[in-house]
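Here is the structure we will look at, set down as structure tokens.
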Amino acid sequence: MRQIGIDHEVRAVEVDETRRSRESATAYVSRLAETKARALWDDLPEAERRPVLGADTTVTLDGEIFGKPDGAASARAMLGRLSGRTHEVHTAVALVCTHGVELRLCSSAVRFRRLTDAELDWYCASDESVDKAGGYAIQGRAAVFVSHLAGSYSGVMGLPLCETWELLAPILAARDGPVP
């Protein structure tokens, strides 16, 4: 948000992130993004309500959803499976405001080069994989694993800026006048 010049405040919310039976990856992240945004919106006193964004990201490989690893061993296993392969990253961003809810979805394809055991050990020892879908952060050390990206770098990071701007531009224009 800072990158696109939007003042903001980050607030964490607790939501159940359990995937529903037969829920697709895109439906899953869309539901969670909206649930997160609605949870904060509903908790705000009416006088303090302003537009709320919620986002969620997941990684898929061969149709399997890779959530957040529960430790270094889990992260290493995920990254080992992504090694030398192309996977998908799906990020949804939801906007809740007085006019209701709007949602955008961003999907990208990321190819990792073949990773060595030493690289997997090095990365997992860094703790960067904690709380990251698929066990990696493209904006950190894992950038050296990416041999190809088709889609949105910011979407892989977890907040697709193009889609976020599409959601926020009408609000900014109504508040501040025409936006670029």
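The values are calculated or read from the model by the stated rules, or taken from the named source; none is laboratory data. This is a predicted model, so every value here is computed, not measured. For neighbour counting, all protein chains shown are included, and Cβ atoms are generated from backbone atoms with ideal geometry for every residue, glycine included.
Among the residues of region 61-87, how many are part of a strand (DSSP E or B), touching a residue at least 40 places away in the same chain (Cβ under 8 Å) and over 16 Å from the mean Cα position of the chain (by Cα)?
Residues flagged as part of a strand (DSSP E or B), touching a residue at least 40 places away in the same chain (Cβ under 8 Å) and over 16 Å from the mean Cα position of the chain (by Cα) within region 61-87 amount to 1.
So, in region 42-56, exactly how many residues are of a type outside the set (G, A, S) and assigned to a helix (DSSP H, G or I)?
Matching residues across region 42-56 total 4.
Within region 1-17, how many residues are closer than 13 Å to L53 by Cα and either charged (D, E, K, R) or under 16 Å from the mean Cα position of the chain (by Cα) (or both)?
7
Based on what the data block shows, is V89 in contact with a Phe, Trp or Tyr (Cβ under 6 Å, 6 or more places away or on another chain) and not charged (D, E, K, R)?
Taking the combined requirement at face value, the residue does not satisfy it.
Just one of R50, R104 is touching a Leu at 6+ places or on another chain (Cβ under 9 Å), more than 23 Å from S147 (Cα to Cα), exposed (fewer than 13 other Cβ atoms within 10 Å of the Cβ) and not acidic (D, E); which is it?
After ruling out the rest, the residue left standing is R50.
Criterion first (among the acidic types (D, E), farther than 23 Å from A37 by Cα, out of contact with any helix residue (DSSP H, G or I) (no Cβ under 7 Å at 6 or more places or on another chain) and surrounded by 15 or more Cβ atoms within 10 Å (Cβ to Cβ)) does E88 satisfy it?
yes
If you take the residues in region 121-136 that are in a loop (DSSP other than H, G, I, E, B) and at pLDDT below 95, which one is surrounded by the most Cβ atoms within 10 Å (Cβ to Cβ)?
S129
Name, by its number, the condition in (1) modelled with pLDDT of 95 or more; (2) closer than 25 Å to A143 by Cβ; (3) not in a strand (DSSP E or B) that does not hold for A39.
Status for A39: all satisfied but (2).
Under 6 Å between Cβ atoms, at least 6 apart or on separate chains: pull out the pairs that start in region 156-169 with a residue that is surrounded by 18 or more Cβ atoms within 10 Å (Cβ to Cβ) and end on any residue that is modelled with pLDDT under 95 and of a type in the set (V, I, T).
Matching pairs, first to second residue: L161/I4.
Of all residues in region 88-120 being outside any strand (DSSP E or B) and at pLDDT below 95, which is nearest to E46 (Cα to Cα)?
The extreme case among them is T98.
Are any residues in region 18-27 in a helix (DSSP H, G or I) and either in contact with a helix residue (DSSP H, G or I) (Cβ under 7 Å, 6 or more places away or on another chain) or without any contact (Cβ under 8 Å) to a residue 60 or more places away in the chain (or both), and if so, which ones?
A27
Do you know which residues across region 138-160 are part of a loop (DSSP other than H, G, I, E, B), of a type outside the set (S, T, N, Q) and within 19 Å of A25 (Cα to Cα)?
G151, G158, L159, P160 - these are the residues of region 138-160 that are part of a loop (DSSP other than H, G, I, E, B), of a type outside the set (S, T, N, Q) and within 19 Å of A25 (Cα to Cα).
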